[in-house]
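To start, the structure itself, in structure tokens.
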Amino acid sequence: MVRLFSYYFPSNTLFQMGLEAVLLFATIFLGGLLQRTTGSADFTTLIFPAVIFAVFMTTMISVFGLYRRDQPRTFSSAAARVLFAFSLGFPLLFAVSHWFSLESAWLDSLALNNVLALSGILALRAIFINTLFAGPFAYRVLVIGTGTEAAAVDKALRASAFPGLTMVGFYSLDASDVAVSPQRILPRVVSIVDTVKFHGIDEIIVALRERRGDAMTLEQLLTCKLEGIRVVEQSTFFEHLGGEVRIDALRASWLIFGDGFRQGRMRSFVKRAFDLGASIVLLAIALPVMLMTAIAIAVESNGPVFYRQERVGRQMKPFNVLKFRSMRADAEADGVPRWANANDTRITRVGQFIRRYRIDELPQIFNVVMGDMSFVGPRPERPYFVEQLAEQIPYYSARHSIKPGLTGWAQVSYRYGSSVDDALHKLQFDLYYVKNHTIFLDLLILLKTVEVVLSGDSAH
């Protein structure tokens, strides 16, 4: 794992992204060289268009989920996304190139270079997927513990399926507490230090119910850390691997004494400036879509086009959120709040479409401009549900320490929530965002939001 701006990326993913960016740059640069008719031409003029192409197409590849933690593991599914990314990206790139007034020779060769770049990316993807690409990026993990906490760590590691990551086994400290396969428990005939050296361990995950440990165990873990081995507790492991703060592995001391959860005037100022800038840009782009949506809602059913509803904002202050109406006007005629769910009969036909592609959320841009919401943050909930969830879920109120968002880490990382259990899982992602939010993470969430909108996932 490599930490960039409070977010952790797998080393393999960063290497893959860098290699593909270099390939894209080289394709355009070398293609431009072949188009030169004179030997005295200034080749430095090729650097700018090559950088634009590499950055733009790498961003498009990222938008289609090809650098995600759960990126496609088969060549056919990866190739389909790559083809879609290039098919959509090429006309947009051509328009951007005209806007920058790049030289005509480069524009004339852009289509051919785009095909060559596409072929190179597909070849690299085939190598990454069909080859055990570990090499210097192989990452070997040892889990201290064999109980339910260790089993949860093992399950998360199996689900991640990172290339090059190997779970070597479990080191038992309590023979009476076993919730993992006994065949995967390493013999305790040598110390933790010797086990780490013998198996070439890169990271130790401490997954114990009681974390104080005996003096000998703590001394051995300290020795491993001083030897350069990464030692983390399970809360930190879940945070780095899955981008969430797991409630079942959480201790109040970890929240209090750990890093993150930083708030300050400068951070608030930068985030507010980002919110206003992003809102203005999105409003300019989305205005035609919003106008057509308003007309479609008015034509399909009687009732107001917009829907105002009380939500809970920062520091538990209520505000009225603005959305396009996607349900019948009498959806809650009895006055009892209900979560929306799959195949909800209250949702109109237009409502099904605008919910699928998040169009119903666009009027919340005005909430962002007014300062009630941020562009990125936890989803604002209704007071009725907040009161229920705060009683049933530990640390739920922590999500209200920052402004709610138009989009957020939980929205792009987990399916639409319609139950207390869903709310608990989404809280784990919200806590991660509250702990680690930066402008870089906001930009990453916006890229993931575009992917969700294009795919139509996670919507009810």
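Quick look at the values:
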| item | result |
| --- | --- |
| Unique residue being small (Gly, Ala, Ser) and free of Cβ contacts under 8 Å to residues at least 24 places away in the same chain when the list is Ala390, Ala423 | Ala390 |
| Residues of the stretch 180-198 satisfying the condition of being over 13 Å from Ile144 (Cβ atoms) and surrounded by 14 or more Cβ atoms within 10 Å (Cβ to Cβ) | Arg184, Lys197 |
| Residues satisfying the stated conditions in the stretch 372-406, i.e. surrounded by fewer than 24 Cβ atoms within 10 Å (Cβ to Cβ), farther than 16 Å from Asp422 by Cβ and small (Gly, Ala, Ser) | Ser397, Ala398, Ser401 |
| Matching helices (runs of 4 or more DSSP H) fully within the stretch 356-427 where at least 2 residues are of a type in the set (Gly, Ala, Ser) | 409-413 |
| Checklist (1) surrounded by fewer than 16 Cβ atoms within 10 Å (Cβ to Cβ); (2) within 21 Å of Val450 (Cα to Cα) applied to Tyr414, failing item | (1) |
| So Gly371, is it over 15 Å from Lys323 (Cα atoms), within 18 Å of the chain's Cα centre (by Cα), at pLDDT 85 or above and among the small types (Gly, Ala, Ser) | no |
| Selection from the stretch 169-184 of residues that are over 34 Å from the mean Cα position of the chain (by Cα) and hydrophobic (A, V, I, L, M, F, W, C) | Leu173, Ala175 |
| Scope the stretch 247-264; condition of a type in the set (S, T, N, Q) and in contact (Cβ under 8 Å) with a residue 12 or more places away in the chain; matching residues | Gln263 |
| Residue count for the stretch 146-182, restricted to those that are among the β-branched types (Val, Ile, Thr) and either modelled with pLDDT under 90 or part of a strand (DSSP E or B) (or both) | 2 |
| Any hit, the stretch 291-306, residues being in contact (Cβ under 8 Å) with a residue 60 or more places away in the chain, surrounded by 15 or more Cβ atoms within 10 Å (Cβ to Cβ) and farther than 18 Å from Pro404 by Cα | yes |
| Residue list for the stretch 183-195, filter: of a type in the set (A, V, I, L, M) and part of a loop (DSSP other than H, G, I, E, B) | Leu186, Val189, Val190 |
| From the options Arg358, Arg379, residue that is within 21 Å of Phe261 (Cα to Cα) and in the same structural domain as Val312 (by TED's automatic domain parsing) | Arg379 |
| Residue list for the stretch 338-379, restricted to those being out of contact with any Pro (no Cβ under 9 Å at 6 or more places or on another chain), aliphatic (A, V, I, L, M) and in contact (Cβ under 8 Å) with a residue 12 or more places away in the chain | Ala340, Ala342, Ile347, Val350, Ile354, Ile359, Leu362, Ile365, Val368, Val369, Val376 |
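Conditions (1) over 32 Å from the mean Cα position of the chain (by Cα); (2) polar (S, T, N, Q), marked per residue:
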| residue | (1), (2) |
| --- | --- |
| Val189 | yes, no |
| Val193 | yes, no |
| Ile201 | no, no |
| Glu210 | no, no |
| Glu219 | yes, no |
| Ser235 | no, yes |
| Phe238 | no, no |
| Asp248 | no, no |
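Conditions tested, residue by residue: (1) of a type in the set (D, E, K, R); (2) within 24 Å of the chain's Cα centre (by Cα).
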residue	(1), (2)
Asp259	yes, yes
Arg262	yes, yes
Arg272	yes, yes
Asp275	yes, yes
Ala278	no, yes
Val281	no, yes
Ala286	no, yes
Thr293	no, no
Ala296	no, no
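The values are calculated or read from the model by the stated rules, or taken from the named source; none is laboratory data. Treat the numbers as computed from the prediction; the structure is a model and nothing was measured. All Cβ positions, even for glycine, are placed from backbone atoms using ideal geometry, and neighbour counts span all protein chains on display.
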